[in-house]
Amino acid sequence: MDAQALQIDPRLRSHLLLATLSLAIFVSTVFVVVAYRIASDLGVNSELKAAEINVALLSAQTDLANSESELESLLAPSGHYIEELQVKENIGVLVRNDTDFVVFSSGVSQSTIEAVTALLDEETTGSGLIELEGETYLWAAIKSHHNKQNYSLWVQETSSLDTLLHYIATRLTVTSFLTFWVAVWGALILSGIITKRIEKHNEALAYMASHDYLTDLPSRRYVFEQMSAHIEKARGADDCSHCGALLLLDLDQFKEINDTLGHSYGDEILKKISRRWRDALPSSHILARTGGDEFVVWTANLKTDNAAKIAAPLIEACERPFEVSGMLLNVDVSIGAAYFPKDGDTIEELMKNADIAMYHAKRKRSRLEMYAAADNPYTEIRVRLAGEVTQALSEEQFVLHYQPKVHLQTCQVTGAEALVRWNHPREGLIYPGAFIELIEHSDYIHAFSRYVLSHAIQQIQKWRDQGLEVSVAVNLSPYNLLDRSMTAFIREQLDHYGVTPEMLEIELTETATMIDIQTTQAVFKSFRELGVKLSLDDFGVGMSSLSYIKNLELDCIKLDRSFVLNMLSDPCDKAIVQTMLDLCANLGYQAVAEGVETQELADLLTNLGCAYGQGYFFAKPMPADQFVRFMQDTPKRRSA
Amino acid sequence: MKALKKNLSSLDRTLRGVIGVVVTGAGVFGGEYIGEPIVQAILIAFGVLNLISLATGWCVVYQIAHISTLKPPAEQS
């Protein structure tokens, strides 16, 4: 997981320490080397200068000497010249005048002097250091200004220079030891401070990444990390010592609060509710906010029957209203629980199954549901399908099947009801029960309804081109009534395909008309002005009041199949159907019976005065091309 | 007494004891070799610091650098 990126690098401190120590060693090495070189260069230079002065003095003396003997006496050990020079080291001199040369040596052997002379060109003047059999000698040579024949060479052992360098080296060693020590201190302190600071920043970042800014609860990332660590640990363990439970909590009516009172109220509620929940839960349970109004509780090491116990205080916490800016607000929670490893051994599976359970809890208004694999098999698909609606729309995976509406006496097809099927590339043909509700609760509802309308209108045109005049009924969702541009869209589609409005029938279920009578009336009026037919679907099972039916000016009412199916056996159902048929007749609405599955039912309905029916007895919903064949066969069937 | 919380392991303490004795000794008796009174004074100071670390088990530099060589580390995360 990318959480790794935020974990503190344990080698940071040692790396930093190594880097600063290396720098300290490097700096002190450079310091020692440079200091030593400067000191030794200075020492050598001053020694050479002294030798040059000495040889210059010697040369001057040589010029003054008139004879060799005079020269010898000048340079003799007993002579005072050398003593006056106060040279403490062993030295040797070579002096040559017009006639001969004299070598004087004090400690430096004659052979050494000769060797030096041999190494140097006889005419060489100046000064320098020379290596001879492992020893270093300092030399200086000069030619007299007055007598070009006079040549003086000064050779000296470097012992004073060595002493000087030793002296420098000693001090430098001690100083560099101290410097290095201080540098180590500096390195330690610096690396310590830097590491501490980085660690602090990293901790702050890690906290931010693993916690929700609003409620200060752990975030989805944090709880997932904990879960995956637990799952990893539990892998291979057979007993239930590693059982866990994941509870998915979703607030009910939260969207309404956000929409009506504003997000600040919603945020305040989230804060308050998370505080209550946190207080209600033992610290061993992780409560995290995973999305807008979605929370998660993860508990490791739990006995299988304990989710209800965890959920109880959470539900209880929602029973008291929340006070926000002086207003008391009620918020309910729906909880879905899934157990690890029984209901899934990956985070994804647990989340998905807890979500399914939560969805059930919402539907049943039961507040808490455990995931059960035997739940509606479509439910699991539903979660997957929700993500595939856009693609299905663009790839035209939704197909329309048509069920004929038939005149009960003549068996003549008077129209068709368009019913949507999802021709899913993986799941095969899916019936609307599995997906309509999920589309209705998504943002795709308008696009979806337009898709269906457009395809139905197009089909009317295709059939007309084939010589069939069939009106098609399309079911609209209650939410479509809120789509202000729906009428304009229908008009545009009718114009586009050249279809007359009365060929299109719009069916709305009772619940659809219940949204708000004003809105419904206005939309129905606009549909009516357009010229399309209107019918009320599933009449009798919703909560419509009769005044609604009076006010809505319908063309047709479809009697719900639940009454029709049992009419033969249940006198109550028969009485209801009879009454509804009378009502339709008295109000002037056409009545259509749904769920006509047998000849007996068709006959009974005809006797009761119902003119039209729809059901498996006549035909199941079928694809458009099959519908054409069905239409063509109808006259034969009637005669049969 | 948070400031004087021990932060040296026994090995670290022993090492500091040896260094402290050697360095202090060098500072006190190695005047001729060192030849520089300032350096000599610094050496003695360093040596004494190490001897203090030996005695208390606490190092001021470790404290500032948030380092501890003691087994249950107080500062390390």
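The values are calculated or read from the model by the stated rules, or taken from the named source; none is laboratory data. Quick caveat, the model's predicted, so the values are computed rather than measured. We place every Cβ from the backbone using ideal geometry, glycine too, and count neighbours over all the protein chains shown. All accessible areas refer to the heavy atoms of the entire protein, side chains included, with ligands and DNA or RNA removed. Shrake-Rupley method; radii C 1.70, N 1.55, O 1.52, S 1.80 Å.
Just for the stretch A:541-559: of the residues that are more than 49 Å from the chain's Cα centre (by Cα) and part of a loop (DSSP other than H, G, I, E, B), which one is modelled with the lowest pLDDT?
A:S545
Out of (1) closer than 24 Å to A:Y371 by Cβ; (2) open to solvent by 40 Å² or more (accessible area, probe 1.4 Å); (3) not hydrophobic (A, V, I, L, M, F, W, C), what's the single condition that is false for A:D267?
(1)
Residue check: is A:H424 open to solvent by 60 Å² or more (accessible area, probe 1.4 Å), in the same structural domain as A:Y479 (by TED's automatic domain parsing) and within 34 Å of the chain's Cα centre (by Cα)?
No.
Of the residues A:S274, A:S284, only one is open to solvent by 20 Å² or more (accessible area, probe 1.4 Å), in the same structural domain as A:K352 (by TED's automatic domain parsing) and either free of Cβ contacts under 8 Å to residues at least 12 places away in the same chain or not in a strand (DSSP E or B) (or both); which?
Checking each option against the conditions leaves just A:S284.
Taking the stretch A:563-577 as the region of interest, how many residues are open to solvent by 50 Å² or more (accessible area, probe 1.4 Å) and within 55 Å of the chain's Cα centre (by Cα)?
1
Pick from the stretch A:359-406 the residues that are surrounded by 21 or more Cβ atoms within 10 Å (Cβ to Cβ) and β-branched (V, I, T): which of them is modelled with the lowest pLDDT?
Restricting to residues being surrounded by 21 or more Cβ atoms within 10 Å (Cβ to Cβ) and β-branched (V, I, T), the top hit is A:V389.
For the list (1) in a helix (DSSP H, G or I); (2) touching a helix residue (DSSP H, G or I) at 6+ places or on another chain (Cβ under 7 Å); (3) modelled with pLDDT of 90 or more, I need the number of the one condition that A:A456 fails.
All conditions are met except number (2).
Out of the stretch A:341-354, which residues are modelled with pLDDT under 85 and not small (G, A, S)?
A:P341, A:K342, A:D343, A:D345
Which of the residues belonging to the stretch A:243-264 are open to solvent by 60 Å² or more (accessible area, probe 1.4 Å) and touching a residue at least 60 places away in the same chain (Cβ under 8 Å)?
Answer for the stretch A:243-264, where residues must be open to solvent by 60 Å² or more (accessible area, probe 1.4 Å) and touching a residue at least 60 places away in the same chain (Cβ under 8 Å): just A:Q253.
Residues are listed down the side, and each one gets a yes or a no for (1) more than 9 Å from chain A (Cβ to nearest Cβ); (2) polar (S, T, N, Q); (3) in contact with a helix residue (DSSP H, G or I) (Cβ under 8 Å, 6 or more places away or on another chain):
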residue	(1), (2), (3)
B:G25	yes, no, yes
B:I38	yes, no, no
B:I42	no, no, yes
B:L51	yes, no, yes
B:A55	yes, no, no
B:Y62	no, no, yes
B:I67	no, no, yes
B:K71	yes, no, no
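Take the residues in the stretch A:578-601 that are open to solvent by less than 10 Å² (accessible area, probe 1.4 Å) and out of contact with any strand residue (DSSP E or B) (no Cβ under 6 Å at 6 or more places or on another chain); name whichever of them is farthest from A:A473 (Cα to Cα).
A:L601
So for the stretch A:455-465 (the condition being farther than 16 Å from A:Q391 by Cα, open to solvent by 40 Å² or more (accessible area, probe 1.4 Å) and touching a residue at least 60 places away in the same chain (Cβ under 8 Å)), does at least one residue qualify?
Among the residues of the stretch A:455-465, at least one is farther than 16 Å from A:Q391 by Cα, open to solvent by 40 Å² or more (accessible area, probe 1.4 Å) and touching a residue at least 60 places away in the same chain (Cβ under 8 Å), which makes the answer yes.
Rundown of residues vs (1) in contact with a helix residue (DSSP H, G or I) (Cβ under 9 Å, 6 or more places away or on another chain); (2) β-branched (V, I, T); (3) farther than 23 Å from A:N353 by Cα, yes/no style:
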{"position": "A:D250", "(1), (2), (3)": "yes, no, no"}
{"position": "A:N258", "(1), (2), (3)": "yes, no, yes"}
{"position": "A:S284", "(1), (2), (3)": "no, no, no"}
{"position": "A:A300", "(1), (2), (3)": "yes, no, no"}
{"position": "A:N306", "(1), (2), (3)": "no, no, no"}
{"position": "A:P321", "(1), (2), (3)": "no, no, yes"}
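Name the residues in the stretch B:1-32 that are under 14 Å from A:F177 (Cα atoms) and open to solvent by 50 Å² or more (accessible area, probe 1.4 Å), would you?
Passing the criteria: B:I19, B:V22.
Within the stretch A:521-540, which residues are at pLDDT below 85 and touching a Phe, Trp or Tyr at 6+ places or on another chain (Cβ under 8 Å)?
A:G540
Here is a check on your reading of the model: is A:K200 more than 30 Å from B:C59 (Cα to Cα), charged (D, E, K, R) and at pLDDT below 90?
It is false that A:K200 is more than 30 Å from B:C59 (Cα to Cα), charged (D, E, K, R) and at pLDDT below 90.
If I ask for residues that are in a loop (DSSP other than H, G, I, E, B) and either of a type in the set (S, T, Y) or more than 12 Å from A:L249 (Cβ to Cβ) (or both), which ones from the stretch A:308-326 would you list?
Passing the criteria: A:E319, A:R320, A:P321, A:S325, A:G326.
Can you run down the residue pairs with Cβ atoms below 6 Å, 6 or more apart or on separate chains, where the first is in the stretch B:7-36 and free of Cβ contacts under 8 Å to residues at least 12 places away in the same chain and the partner is among the β-branched types (V, I, T)?
Matching pairs, first to second residue: B:I34/A:V174.
Give the number of residues within the stretch A:546-586 that are more than 18 Å from A:T606 (Cβ to Cβ) and acidic (D, E).
Final tally of qualifying residues: 4.
Going by what's in this entry, would A:L23 be described as over 15 Å from A:W154 (Cβ atoms) and open to solvent by 40 Å² or more (accessible area, probe 1.4 Å)?
Yes: the conditions hold for A:L23.
Within the stretch A:28-52, track down each residue that is of a type outside the set (S, T, Y) and surrounded by fewer than 14 Cβ atoms within 10 Å (Cβ to Cβ).
Once the filter is applied, which keeps residues that are of a type outside the set (S, T, Y) and surrounded by fewer than 14 Cβ atoms within 10 Å (Cβ to Cβ), the stretch A:28-52 yields A:V30, A:V33, A:V34, A:R37, A:I38, A:D41, A:L42, A:N45, A:K49.
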